[in-house]
Every structure is written in C-alpha cells, then in structure tokens.
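The values are calculated or read from the model by the stated rules, or taken from the named source; none is laboratory data. The model shown is predicted, which means the values in this text are computed figures rather than measured ones. Using ideal geometry, Cβ is built from the backbone for each residue, glycine included, and neighbour counts are taken over all protein chains shown. The protein model used for the area step is the full one, side chains on, heavy atoms only, and it has no ligands, DNA or RNA in it. Shrake-Rupley method; radii C 1.70, N 1.55, O 1.52, S 1.80 Å.
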Amino acid sequence: MAKAPAHAFASTLKTFKTASGKSGKYWSLKELAKQYPTVDRLPVSIRIVLESVLRNCDGQKVSAKHVEELAHWAPNAERTDEIPFVVTRVVLQDFTGVPLLADLAAMRSVAAKLGKSPKTIEPLVPVDLVVDHSVMVDYYGTPKALDLNMKLEFQRNNERYQFMKWGMQAFDTFRVVPPGFGIVHQVNLEYFARGVYKSSSDNADVPTYYPDSLVGTDSHTTMINGVGVVGWGVGGIEAEAAMLGQPVYMLTPDVVGFELTGKLREGVTATDLVLFVTSILRAEKVVGKFVEFFGPGAASIAVPDRATIGNMAPEYGATMGFFPVDEMTVAYFEGTGRTKEEVELFESYYKAQGLFGMPAPGDIDYTKIVKLDLGTVSPSLAGPKRPQDRIDLGHLSTKFSELFSKPNDANGFNQPPERLKLRYPLTTSGQGDDEEAAPPPPGAPREVVEMVANRSTKAAAHVNATAPAAPKADGVTIGNGDVLIAAITSCTNTSNPSVMLAAGLLAKKAVEAGLTVKPHVKTSLAPGSRIVTEYLEKAGLLPYLEKLGFYLAGYGCTTCIGNAGDLTPEINDAIVKNDLVGAAVLSGNRNFEARIHPNLKANFLASPPLVVAFAIAGNVMVDLMTEPVGKGKNGKNIYLGDIWPTPKEIDDNLRFAMNAKSFRDNYDKVKSDPGKFWSSIEGTAGQVYDWPTSTYIAEPPFFSDFKMAPHASDAGFKGARVMALFGDSITTDHISPAGSIKESSPAGIWLKAHGVPKADFNSYGSRRGNHDVMMRGTFANVRIKNLMIPPDVNGTQEEGGVTLFQPGNQKMFIYDAAMKYMEQGVPTVVFGGEEYGTGSSRDWAAKGTQLLGIKAVVARSFERIHRANLVGMGVLPLQFRGADSWQTLALKGDEKIDVVIGGQLKPQMDVKLVVHRADGSHQEVTVRLRIDTPIEVDYYKHGGILPFVLRQLLAA
Ligand code: SF4
C-alpha cells in the first residue's frame, strides 16, 4: 500500500494539556508563526480558518500553498486567493434541509442506477437539522395555542416529516431535532456547539482536537459567531458539497475590526445595540467581509448579546459578525449545560492556540477599524421596510407620519397626508361575537373544529382568544399605523434572556398598572427554545405575558419567517378596502415588504419589551417617549418609564435563565422524548428512497440525464430573450417566495390540478421538496415588479410575477413564458439592479432560475450567497461595470441578447454583452463575469456543484 505523503507542516502538530492533566494534540498556530511571523497578528477569525486549512493540508484539496497564502493574509491586499475551508459540521433548518435531503436522495438513486453502492453518498461531517420553519401562528391568545398550532403543523407537513424520518435511518450522521424544540440558531448555541471537536479518524491515545466551525443553510447561522465559532450561511447547494467532504471555497476576505468601548446606558437593550451596529455597518459597506468585534466594550457584553449581534450579520451585509472566545464564552458554556470535561478541553485548547481572550486595541491588524461607544446607543426600532433603517424610539411617530406620504422610492407609502389619522370601523360580518366566531383554520383537526364550535363569550377571556376569531367589532376601529401584529419572535432575541425577561417584567408592571392590549393586535410568543418558557415560568413572569395575550404559540420561527398566520377577515377587509398602512412590531431581524403579512406594509423590528409596549399602545404613532402607553387603573396615564424594567430587576431574574441542568434535561429529550406527534410519524426504510407520489416531495430533475462526463461547456449564448427587468434590492424572497401560494398563480393552479384544495396549499417554504411547485413559484412574489411591464396611467407599476413574451409583447406569467421559450429552445436572461439576491440564503432562488431556462443574470451587484448559488446551479452571474445598468442601455425588454465569452472561462474575466434592438440596431457593453474562483469555473463547466460532486464521489 502506498504511504500517505507526509504533512507539509508536520512540525506544527503539538500537544496541549488540560487543567486536569488530560493531553490532546493540535495543529499549532504559534508553531506556524515561527515560519510566518504575521500569523500572530492575524484577526482571530482568520486564524481559526487558517487552522482548518493547516490541519486539512493533504496536498490535494488543500495544498501547502493554500496554507502559505492565508498565513500571509495582509489587511489591505488585493483579494485574489481562494481559501478551501473544511468545516467541522453543517446545520440545517427544515425549509432548506428538506430539498437538500431530496438532492442527497436523488444522488443515491443515481448511484443505484449506475450500479454503485448508494452508501457512496453519505455525509462525511455531522449534519443537524432543526424543524423550526413550519409552525404557523394560526391560533394565538389562548392557552391551547401551542398544541393547536402544532397539530395543524403536523397535519400540513406529514409527508415532509415522513421523508425526514427516512433520512434519519438512511444516513449515519444525519440528526433531526423534531418540531416543538426550538429554532435552529438558538438550539445551535444552546446544544449543538460543543467547543472543540476530536478527530474521528484518530484512534490514538492522544487524540487531535480542533475548533468548531460550520456552515448552515440559513443566513442567520452567524448567530454562532457569538461563541467564537467561525460559521456562516450558505446555499443548500454549497452545504451539500460541504457535507459530502468538499471544502467551502471563498476568496480571502477583508476583516473589519469593530472596536466597542464604554457601557450600555440603563434601559438600553441588546436589540437597540444590534440595530445601531446594523445601521453603522451597512453604511460601512461590509458586504463579503468578516467583521470582528474587539476592545473593552466587546469584552464586557454577555454572550447572548454577542449572539444577537452575530445573528444580524446578513442585515449589515457581512459574512460574519465574530466575537473571539474568552471567559464570558466559557461561562456561557458552563451555564448552558456543556460537561465539565468539554468546557475544560475548550478553554485549554484555545489557550494553547493563543486564541483565548478578547483582543485589545492594537493587538491585531485589521483591514479597517470602526468604533462605537456603547454609551451612545439609544432605544430604537428599525423599519418600516428595511432592517438597516434605524429610528430612535422618540422619532418613530414623526417618521411614520412623514413616510406615510413620501413616494415609494423614498421608502414611503405614497398616501395623501389628509388620510393619515382617519379611522375605519370594523364590519362584523356576523363574526364579531365570540359565539359566532370565524370557522377554524383550513385543515383544522377535529378537536379544533369542536373547540371553535363550543366557544362562548364566557370562555373567551380575551378578545384575542382562540384565533381566528375576530375582535369584537362593535366600536372597534382601525387606522393607519395601528399595530395589527405584535410578535415576540425570532432567535435574534428569544435566545437572549435579558430581553426576554425584560418583556416579562414589562408585562408584569403593565398588568399591575391595569393596562391591556388593544383589541386589533394579534399577539404571539414564540421562543427559540423551551428553556425560555421554563425560565419565564420560574421567574413568575409568563402569566403576565399571557394576560396581555402573549400566549405561547409555538417553538419555531413563526412571524420571523412570515408564518404569522392570517389576520381576521374583518381586518383584512378593512385594510384592503381602505388601503390602510397597518403595522407589525416584532422582535425579528427582517421586515421586507410582504414578509410578515401580505397586507401589512409597515413592519418594525424592536426589542421584546417594546413589542409588548406597542401592543398596549396599539399604534406606532404613539410617541412612547412623551405620551402614555395607555390608561391604567382609574383612567390613570401610564408612561413607558412607569413600566420599563430596571437593570437590577433583569439581573435578579437572570439566575433562572442559566441553569445547566435545565439545558441538559431539555435537550436529552430530543432522543428520549421527542413528542407524541413526532413519535407517531412513520417513515419508510431503506438506503434508496422510493419516491412515492407526493405534492411535497418529488425526485428533483437535476440529475435526470446524468452522465459521468460533463457536457462540453459552452458558456456563451446568442439570441437570448429578456425575461425580466428588475430594480434594486431584489430579494431572494422576491425570486423564490417562502410564504403563501396564491390560488391563481402557476403553483396554485398546479396544486389544484393535483387534487390539493386551497386550504391545504401550505407555503412555498414547506413545498421546497417539490420542484414542480417551486419552479412555478420562481419570481412569483406578489410584490415583485417586472419593469418591462409599462406602468398604468396613474404611474403605478404592476406587481407580481409576469412578463411580456417576445416577440409580440404578450403578457403572461414568467413561468408560462419560460416554458414557451424552453420549448422553442430560446435562452433567456434576467436583468437586475444593486444587491440582486439580497435577503435570506435560499437555494431555490437559484434552482428555480435554472429550471426556468434562464442562462444568465446581469445585475449591478450581487448578494454573496445568491451569486454563489447561481454559479452552483450553472447560471452565469454577470455584473455591470462602472455606472452601466440596464437603464443606461435603455433596455425595454423586447431586445435579443448575446453573451460573448472570448477564450477560456476565467474567474472575473470581462465578457461582452451584445444588445440587438427591435429596430435592427445593436450595442455592445462589457460586463464582468462573477464566477469568482477557479473551483467555480469547474462547477460551472460541470453544470453546477451537485453534478461536480456526484461525479467525484462516483469516480472514487
Ligand atoms: S427565527 Fe428568523 S432568523 Fe431565526 S432561524 Fe427562524 S427565520 Fe431565521
């Protein structure tokens, strides 16, 4: 047998000892620094990536040159080197995890068809999937909400959950945390992250240890940066490659150092801080960069606050928002139930590597340094349409009033100012009384139907009781700025005990003062882990939240992902008839149009206590800094200052939140007591999936004509038609929506044709295992504007996924046009503006684009993950140079486009775009190929990352 080549840096393998005398080996960065002295001054995050490159240096996927290049990282060098980063593990949520599992199952089918062992396709690193994206807030304001919502969830998602159970038995390293446990990033912080990992191939007496690192199929994977773990969100396609042993490839990043000094003032929350950080970093343009926090302020803030800041890295545009490991991290691991041995190994390892402790100013060479004095942070919200638009709490009322009449392109709502304060009565439609409440949600189980039928005025203690009953309509009016959804939601904040306890304490004081929530508000509490309800209960605060309608609605993403459930028909009617600008206030991280609810135009991100306060105030035009939150007992005005918790009150209750035993007991149940609903799901067995007929799970077509040799690549094409002309900031949610499916949309029509009634459509997100639904849903967001369609006489631009089929300007759905073009063998292209593909990482945004036959997307700039996903699916991302845009080219959409690639495909090469106009003239413009790295060239030539990896695995 041939001897494995010696490791190029074998001398850097050293031994460390723990405090109790246990020994471990590690690839020493200090030792490497003897050859490359600048290593000691590299950003901590870069050093952790360097350790992975060093450890995995095998002369094949990772070469000695890669180690050298990264060891020579310079703060302001041109970024041309590609890093192969082998991650320790992969995390998934269910919306993205199911299609990924479907791709793996499809690869196994290919392996079986080619006579290979299906086991050739097996994750090589641990993969954890948390089912968190599927629960919806159908029921709220009742003690039964959790149970009822979970029943509906299981009913709607039975086929998906059966498929997951098949995956659990088919793949050795694939774990699932069932619904009802929490949100992926909070579970990742509290449970998955174990500090350091031991080499699995290492049976030596002294094992080799290495740092945790990961990629996740959710952009907010960066939350884990709060505990010093290098990790970020990638598309499902990249995650699949990572789990099948491929390095994650990226250009060496710039690293922006963010120096924190000072202390947060009393009354200021971690949510306020993250909204400050987001608006500062957004202005700094940190897209594609690492951000690393340091300095005395960073050392002083607790790990949950660090995690909240890490969480919103996608909102400020960075690849990561990283906090180095220090004593706070160790304390967090101890308090959340990691074993003594794990914590000891963790601390000793980081100390041995010289990576322990928060860096002080001057310790590290960063690309740039940004500073914030924590003492300048003030209570804030962000919105109404973008997370980076921070508003001081005291300015919210005036800001909303201003935006009400500003044009859409100035972030406004384009409404006549005289309508701002008008109010409209809710019409009862015979549903205002509890006795005559609205029917149960579609597909509700029998118990729910009975419960709604039995509902009585007496039983309904709160107007919100048992959704979807309408509020008592008598005398209830709604108007612009009314808070219609108030949601304590999202891992961003629910993982942070200080803000959750603050919400509970505020609720307690509010109830004691006699305050109540306005009848038009849909209230919900959806934590990212059961631990939250446990400590709120122990602190005696949960009953007060419940009194205000914040009953537990689910453990999952809910409102944060747009699973807010519907508003009552009366409220929906009033909004639509009167063109109202209704508001949501939520403790989430995103607020793009139509994300929270299709009828709510103004969505504000805020801390959990402010969510409760605004549910009481009922309208975002109440200035909580000067006006009362509401009237308490005896008609007394109660101000925010009267009910805002003090730091001492929060601190006194924090002891309930850090109980190692509670964490251990809770997560032991993932195996021992996964819940009655989950236990009753029956999955099929076997190594290869048999693809039973399902409108949820279907064999994806990506390998339908798979051959071991790739097709000859021909990157250029001619005579392409324009499918769409889009403006700036087209999000992945515009491209591939996650929310509800319209009956009249191509996906809705297909589902009905396959016997699925409207009531059972579920969401696009839950149907990502079925390409027939997803390709029909591509570009089907109800708010997307294809600027090829001329505006109407009032200048209003039509919304929705339509295009003009050419020749002839025939208006039709983008899906229908795509099928016609594909039938005729005509390639198509999409044009976009700045930040094309911004928003959540969503591989279907690229998969759907490919399945519609779109060969290239030409934009002014691309969001990082979406660009990589396009390449990963074999679609060319092309970027305009300088001030060029489709507008400067005066494109109308009836042109034909050639993409001319001169010579061999090379990363970031110039490409010629030839525009042939309808009048016979033509124009050329040079654009940049945004295939960024050599490995991406290979992916593209193979038709995408998946065929590339599959060929490698099957050839091995
Ligand atoms: S709660 Fe929101 S941010 Fe967190 S995983 Fe769910 S959708 Fe993503």
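Of all DSSP beta bridges confined to the chain, the antiparallel ones make up roughly 45%.
Which shape class applies to segment 811-956: rounded if a/c is under 1.5, otherwise prolate when a/b exceeds b/c and oblate if not, where a ≥ b ≥ c are the square roots of the Cα gyration tensor eigenvalues? In terms of gyration-tensor shape, prolate. Note on Ser23 and Asp172: the extension gain reaches 50.7 nm, defined as 0.36 nm multiplied by sequence separation minus the Cα-Cα distance.
Going by a ≥ b ≥ c, the root eigenvalues of the Cα gyration tensor, does segment 236-350 fall in the rounded group (a/c under 1.5), the prolate group (a/b larger than b/c) or the oblate group? Oblate.
Note on Ser401 and Arg664: with the Förster distance fixed at 41 Å, the Cβ-Cβ geometry gives a FRET efficiency of about 0.20. Assuming a ≥ b ≥ c are the square roots of the Cα gyration tensor eigenvalues, decide whether segment 251-300 counts as rounded (a/c under 1.5), prolate (otherwise, with a/b larger than b/c) or oblate. Oblate, since a/c reaches 1.5 and b/c is not below a/b. Computing FRET efficiency as 1/(1 + (r/R0)^6) for Gln35 and Asp363, where r is the C-beta to C-beta distance and R0 is 22 Å, gives about 0.55. Most simply put, segment 748-876 has about 40% antiparallel DSSP beta bridges, counting only bridges with both residues inside it. The packing ranking of peptides 96-109, 66-79, highest mean first, is 96-109, 66-79, where packing means the average number of other beta carbon atoms within 10 angstrom of each residue. Spin-label model, Lys340/Thr80: points 7 Å from Cα along the beta carbon direction are separated by 5.5 nm. In this label model, Arg783 and Ala883 are separated by 3.1 nm, measuring between points 7 Å along each Cα→Cβ vector.
Counting only protein heavy atoms and using a 1.4 Å probe, what share of the accessible area of the chain belongs to carbon plus sulfur, as a whole percent? It is 52 percent, rounded to a whole number.
Extension gain, Ser11-Arg917: 0.36 nm per intervening residue step, less the Cα-Cα distance, totals 319.8 nm. Out of residues 5 or more away from Phe85 or on other chains, whose amide H comes under 5 Å of its own, with H placed 1.01 Å from N in the peptide plane? Placed amide hydrogens put Val248, Tyr249, Met250 under 5 Å from Phe85. Computed packing ranks the peptides 347-355, 380-388 as 380-388, 347-355, most packed first, by mean other Cβ atoms within 10 Å. Applying 1/(1 + (r/R0)^6) with R0 = 56 Å to the Cβ-Cβ distance of Arg928 and Met625 gives a FRET efficiency near 0.70. A simple spin-label model places pseudo-atoms 7 Å from Cα toward Cβ; at Gln810 and Ser744 they are separated by 2.0 nm.
Residue separation of Gln155 and Leu114 scaled by 0.36 nm, minus their Cα-Cα distance, works out to 11.1 nm of gained length.
Think of a 1.4 Å ball rolled over the protein heavy atoms: the chain then has 35 Å² of accessible area per residue.
If only the Cβ of Lys and Arg carry +1 and only the Cβ of Asp and Glu carry -1, the dipole of the chain around its Cα centre is close to 640 debye. Accessible area of Ile488 (1.4 Å probe, protein heavy atoms only, ligands and nucleic acids ignored): about 0 Å².
Among 673-680, 172-179, 814-821, sorting by the average number of other beta carbon atoms lying within 10 angstrom of each residue, highest first, gives 814-821, 172-179, 673-680. Relative to the globular-protein estimate of 2.2 N^0.38 Å, the Cα radius of gyration of the chain stands at 0.91.
Just to confirm a number: summing +1 for Lys and Arg and -1 for Asp and Glu over residues other than Lys811 whose beta-carbon lies under 15 angstrom from that of Lys811, what do you get? Once all neighbours under 15 Å are counted, the net charge is -1. Close amide-amide hydrogen proximity is noted between Phe779 and Ser736, each under 5 Å apart and 5 or more residues distant or on a separate chain (H modeled in the peptide plane; Pro and chain starts excluded).
Tell me the mean residue ellipticity at 222 nm calculated for the chain from its helices only (DSSP H runs of n ≥ 4, each -39500 (n - 2.57), averaged over every residue, nearest 500). Using -39500 (n - 2.57) per qualifying helix, the result is -9500 deg cm²/dmol. Using the Karplus relation 6.51 cos²θ - 1.76 cosθ + 1.60 with θ = phi - 60°, the per-residue 3J(HN,Hα) values for segment 903-918 come to x, 5, 5, 9, x, 6, 6, 7, 10, 9, 10, 10, 9, 9, 8, 4 Hz, with x marking Gly and Pro.
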